[in-house]
Amino acid sequence: MTNLPNLLTLVRIFLVPLLVAALVQQNFRIQWGSKLLLANDTFAVVVFLAAGLTDMLDGYLARRWKQVTTVGTLLDPVADKLLISAALISLVQMRLLPGWMVILIIGREFAVSGLRSIAAAEGYTIKAGELGKTKMVFQVLGVTLVMLSIRWSAIRPVALGAMWAVVLFGLASAVDYFRMFWRKVDTSIKLRRRNELIAMERQKRRLQGPPKGRKVKAEEGETSPIHQ
């Protein structure tokens, strides 16, 4: 049986280059003869929202149909970050977003992914909190509004306001992730490494044998009854 959630995740990955082409290629358009059906900016919005829809569907279907797989678990966050990063970098190239804002957003995503990977290796799961979910909503809304502002420049202040909300909620949720990481994982790692060092030290002492001074005293103690 085909795993539809994983297929949707792959579709989202393959939509990334199409989204970039629609954004950065100004002459990219869909025509029927001489009639313009979709301009590049409108097509980019359609592709981005379609990719966002697959993001919601694949997780829902995987849980509902009990098709959660290791491949899907690994690919899903990769597909999300590819989509968002490609959209944001393209918008920077089009001078619709400041570069420092995009660096903060993308840097936050990779930092949180790193924490989650370390936590997973230690047997812990760091779930997305309310701040992270709110950031995701503003992220989709903000990117969509920025794309729409290509055609309707009047909404650009609203779009930038939404992106500011993405930055603020993103930084706040990152702090929350770091707090959960240090509370659960970092303490566990330090305790495990301490126990490993103690075990290694004990093993080293057993291999080296007892100190020479103790051996001499033991030999003296064994001969003393004979002298008596």
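The values are calculated or read from the model by the stated rules, or taken from the named source; none is laboratory data. In this text, all values refer to a predicted model and were calculated from it rather than measured experimentally. Here the Cβ positions follow ideal geometry from the backbone for every residue, glycine too, while neighbour counts run over all protein chains shown.
So here's what we get for this one:
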| quantity | calculated |
| --- | --- |
| Flag for Lys133 being over 18 Å from Val45 (Cβ atoms) and out of contact with any helix residue (DSSP H, G or I) (no Cβ under 8 Å at 6 or more places or on another chain) | yes |
| Residue tally, condition among the polar types (S, T, N, Q), surrounded by 15 or more Cβ atoms within 10 Å (Cβ to Cβ) and more than 21 Å from Ser173 (Cα to Cα), over the stretch 139-162 | 2 |
| Cβ-Cβ under 6 Å pairs, at least 6 apart or on other chains, the stretch 38-66 side in the same structural domain as Phe14 (by TED's automatic domain parsing), far side basic (Lys, Arg) and surrounded by 15 or more Cβ atoms within 10 Å (Cβ to Cβ) | Ala39/Arg29; Asn40/Arg29; Ala51/Arg12; Thr54/Arg12 |
| Subset of the stretch 58-104 (residues that are under 20 Å from Gln139 (Cα atoms) and in a loop (DSSP other than H, G, I, E, B)) | Met94, Arg95, Leu96, Leu97, Pro98 |
| Restricting the stretch 125-166 to residues that are closer than 30 Å to Arg183 by Cβ and among the polar types (S, T, N, Q), the residue that is modelled with the highest pLDDT | Gln139 |
| Test result for Ile118, at pLDDT below 85 and of a type in the set (A, V, I, L, M, F, W, C) | yes |
| Scope the stretch 188-212; condition more than 18 Å from Ser117 (Cβ to Cβ) and either in contact with a Ser or Thr (Cβ under 9 Å, 6 or more places away or on another chain) or polar (S, T, N, Q) (or both); matching residues | Asn195, Gln203, Gln208 |
| Complete set of residues in the stretch 82-92 that are surrounded by fewer than 18 Cβ atoms within 10 Å (Cβ to Cβ) and either closer than 15 Å to Leu160 by Cβ or in the same structural domain as Glu109 (by TED's automatic domain parsing) (or both) | Val92 |
